[in-house]
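Here the structure is laid out as structure tokens; the discussion comes afterwards.
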């Protein structure tokens, strides 16, 4: 088992790499509430098909089911990171811009938990901008 300094970055890159390799299942991702909520957000906006928490030997892991890649240009997500563990990037709701002309989502951590950037802008919330996926 390896120690990961940026578990959210690792999760999103694993998803992108699985799409690039045309895989439909991604197993053995260490469970955390933050990862669970990011996956819930990705499922809500159709970037992942489904996910479930699996308990094995008193350890919780996440199993992700991805969509089939039919058109590589449109189906493989692009990911742009903003915050890092060593340098978080904070934004005001006034500074939130649409992601990829409305075709993608931004992930922002607010005092009301994780949400898409367009939802945060409507609620006039800002805080840590984590990533954009389109």
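All of the numbers you see were taken from the coordinates with simple rules; none came from a lab. Values in this document were obtained by computation on a predicted structure and should not be read as measured data. All Cβ positions, even for glycine, are placed from backbone atoms using ideal geometry, and neighbour counts span all protein chains on display.
What's the exposure ranking of 34, 47, going from fewest to most Cβ atoms within 10 Å?
34, 47
Got a sec? How would 20, 115 order by Cβ neighbour count within 10 Å, fewest to most?
20, 115
What translational diffusion coefficient, in µm²/s and rounded to a whole number, does the Stokes-Einstein relation yield for region 78-134 at 10 °C and a viscosity of 1.306 mPa s, taking the hydrodynamic radius as the Kirkwood radius over Cα pairs?
Value of D from the Cα-based Kirkwood radius: 144 µm²/s.
Compute a Gaussian network model of the chain, connecting alpha carbons closer than 10 Å, and tell me which residue from 60, 14, 87 fluctuates the most.
Residue with maximal mean-square fluctuation among 60, 14, 87: 87.
Looking only at 123, 67, 97, which one moves most when the chain is put into a Gaussian network model with springs between Cα atoms under 10 Å?
Checking each option, the largest mean-square fluctuation is seen for 123.
Restricting things to alpha carbons, find the Rg to Rh ratio for region 1-76 using the Kirkwood radius for Rh.
0.96
Hey, fewest Cβ within 10 Å first, where do 80, 94 land in order?
The order, fewest Cβ neighbours first, is 94, 80.
Rounded, prolate or oblate, given the Cα gyration tensor of the chain, with a/c below 1.5 counting as rounded?
Oblate, since a/c reaches 1.5 and b/c is not below a/b.
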